[in-house]
Each structure stands twice: as C-alpha cells, then as structure tokens.
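The values are calculated or read from the model by the stated rules, or taken from the named source; none is laboratory data. Given the structure is predicted, the values throughout are model-derived calculations rather than measurements. When we count neighbours, we look across all protein chains shown, and the Cβ atoms used for this are built from the backbone with ideal geometry, even at glycine.
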Amino acid sequence: MGNVAIGGGAPCVVQSMLSVPAEDVAANLAQIARLAEAGCEIVRMAIPGRECLAAFEAVCAASPLPVVADVHFDAEIAIRAAACGAAKLRINPGNLGGREKTDAIIEAAAAAGIPMRIGVNAGSLDPELAARTDLRLAEKLAQSARDYVCYCESRGFFDIVVSAKAHDVLTTVETYRLLARDIPEVPLHIGITEAGTLFQGLVKSASGLGILLAEGIGDTIRISLTEDPLEEVRACWTLLSALDLRRRFPEIISCPTCGRCQVDLLGLAKQVEENLKALPKPIKVAVMGCVVNGPGEARDADIGVACGVGSGAIFRRGEILRKVDESDILDALMKEIGKL
Ligand code: SF4
C-alpha cells in the first residue's frame, strides 16, 4: 500500500490509528508527523460520516505516511474514500449491509488500485455463524475471514489483508494460527483488540502478538492501547526488537537493582530511556547497578554503565572505558552513544 510492502516476506509493518477528531485536518497531520517520527509506517483514520471525507482527502494529500480509510456501516464512504487518496480501505463486510455493498467497495478499490483490509471482529460476526454451537469462537472468526477472502477472490480482487480480532488473547492467537494455516497467501494484520490501558494493554498485546510473531505470523501489527497512539508505535517497535525481528531504536538493558546498588539506578535508567527513545539507532545500551556483574551481564551491549559507590564505569561491548561520577553518567553515556 502506497510505498509500503505488506506480506510476501516483507518485514512486519508498524501501524497505528489517529485519535483526534476526523474533521480536524491540522490536528491529524500534526499527529501523523509525531507518529512518523516515532517509527509509524502506516496510519489509519476513521471516517465516521460522509461530512468527514473532505478532511480525509486533505489529510491523504499532505500525509508523509500512507493513510488507511477506516469505514463502518456506510459503504458509500468507503467507495468515496477510495477516490479521495486512501492508500487502503479497512472494512468489515459484516457491518456494511450485504454482498452488493461489498461488491461496490471491491470495484472502487480495484479502480483506485488500492488494497483492502478485511477486518473481522468477534462483536460483528454473521448471526448465523455466531449462533453455531459446533465451532469455537476462533473457528468462527477464521471461517468468517476465509469466506470474505474467497468472496473477494471470486470477484477477481486479490489485494487483501486480513485481520480477525478478539479481545481475548488465546482466542486471537488461535484464530490467527488457523488463518496462517488455511490462507497462507493472504497477509495478516495482527493485534489484540480493545486491549486496555497502558499496562494491561502492553502485557496482553505482547503476550498474544509475541506468540504469533515468534511463530512467523503477522505482516503488519498494531498494539491497541487506551493511550496516546505514540505509545502504540513505541510498543510495536519494542516488541519487534525484543523478538529480534526488526530493530530501529535503542534497546535498554537495565538490571532490576538489588542490595549491591548504590546509585539512583531507576532514575538513571528512565533518563537514558527518555533521551534515547527517538534516536534512530538500533543499538543496545546497558544501565547496570553494580560493577561486579554489570559489564559481564551486558557484554553484548554497545555502550553501558556499571555503577559503583556514587560512580559509574562506562563500558563499550563489555570493555571498561573509564570511571565517572554519578552526576556525569548520563552525559558520558550520551557522548559515547554519539560516537557510534
Ligand atoms: Fe544487583 Fe548488580 Fe545485578 Fe544490578 S547488576 S541486579 S545491582 S547484582
């Protein structure tokens, strides 16, 4: 979509969703700029009503990132969004009012040369499928998504990404495993929907998406949080980095501290994290509480500090460079990082 490849062996793409009012073009563009700086590669914008299409068009025209039109209930909005510069349409055929409406959207996407994401959600399954007692929820979600893919393909439309989400982690994992098995040719957008506020959302998303990504499932990712979408992007990169799938920003290796620690390591680690969070260098930086174990435990860190009594030994890849006072540790780390 746009200049971003999804599927076909391309690296897992990071996306998020705009959270400011749809009609406010300036606010949307400002949020896109912040998200792009944080490493977001695709943004999704809700178009809640036809009156928002003009704003959507203006945002698409000025956005440095490809913009997905997120449309529910009104097929006409999806059709018009395709002609307004949408880089992809995100629809849930289950709430668009029947196959004729879906046909019209497929035609609009094909005419615009853009892909569609078919997003199936546990809350909007076809009532007949939802009522079946012989299938688990994951099987229903996967079947619903497969049916829509087959339908699109029967109409000659193949530029499809699929998502099938539940807020329950294990149901989502099972659903995506079924999809990866049954329609391996279709790229998958993975996420745990409505995962919650920051702490819970991070844990739920990392546990579910971590399983999937480690199994090679997932071509685009969103970590849905009840938070500033900037945190979603940071979380996506942290997860991809933790699984060694993609690295773009520094990874902090810091110890939990124990009775040996004699500096304010929590404060230092937070300062280091804050200073490095937007640095586009995929390095590892260690912040360790004592010199006994520090350099050794963080030997694969590019730069690090192992603290002593009111001081810190700065090290590079396990080798100690010099000792500095506690108040100079941050500056010393930043200076060494700047040399990399
Ligand atoms: Fe304790 Fe030192 Fe290990 Fe930190 S690095 S947890 S201070 S032993």
Query - Criterion violated by R246 - all others in (1) within 11 Å of the ligand (Cβ to nearest atom); (2) modelled with pLDDT of 95 or more satisfied - result: (1)
Report summary line: Residues in the range 19-35 that are in contact with a Leu (Cβ under 8 Å, 6 or more places away or on another chain) and either surrounded by fewer than 17 Cβ atoms within 10 Å (Cβ to Cβ) or among the hydrophobic types (A, V, I, L, M, F, W, C) (or both) total 3
Query - Top-ranked residue of the range 302-311 - restricted to ones that are buried (at least 24 other Cβ atoms within 10 Å of the Cβ) and within 12 Å of the ligand (Cβ to nearest atom), ranked as farthest from Q262 (Cα to Cα) - result: G304
Report summary line: Exactly one of I217, I221, I190 is within 25 Å of N28 (Cα to Cα), among the aliphatic types (A, V, I, L, M) and in contact (Cβ under 8 Å) with a residue 40 or more places away in the chain, and that one is I221
Report task. Examine the range 317-326 for a residue that is in contact (Cβ under 8 Å) with a residue 24 or more places away in the chain, of a type outside the set (S, T, N, Q) and surrounded by 20 or more Cβ atoms within 10 Å (Cβ to Cβ), and state whether such a residue exists. Result -> no
Query raised in the report: I6 is checked against (1) crowded, with 20+ Cβ neighbours inside 10 Å; (2) assigned by TED's automatic domain parsing to the domain that holds D219; (3) touching a residue at least 60 places away in the same chain (Cβ under 8 Å) and fails just one. What number does that condition carry?
Result: (2)
Report task. Please find, among P229, P184, the residue that is surrounded by fewer than 23 Cβ atoms within 10 Å (Cβ to Cβ) and at pLDDT 95 or above. Result -> P184
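Out of the range 253-276, which residues are without any contact (Cβ under 8 Å) to a residue 60 or more places away in the chain and either in contact with a Leu (Cβ under 8 Å, 6 or more places away or on another chain) or away from the ligand (no atom under 12 Å from the Cβ) (or both)?
S254, C255, T257, G267, K270, Q271, E273, E274, N275
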Query - Failed condition for G156, given (1) under 18 Å from G8 (Cβ atoms); (2) part of a loop (DSSP other than H, G, I, E, B) - result: (1)
Report summary line: The lone condition P280 fails out of (1) buried (at least 18 other Cβ atoms within 10 Å of the Cβ); (2) closer than 24 Å to E37 by Cβ is (1)
Query raised in the report: List, please: which pairs have Cβ atoms under 7 Å, are six or more places apart or on different chains, and start with a residue in the range 282-299 that is touching a residue at least 24 places away in the same chain (Cβ under 8 Å) and end with one that is within 6 Å of the ligand (Cβ to nearest atom) and of a type in the set (V, I, T)?
Result: G289/T257
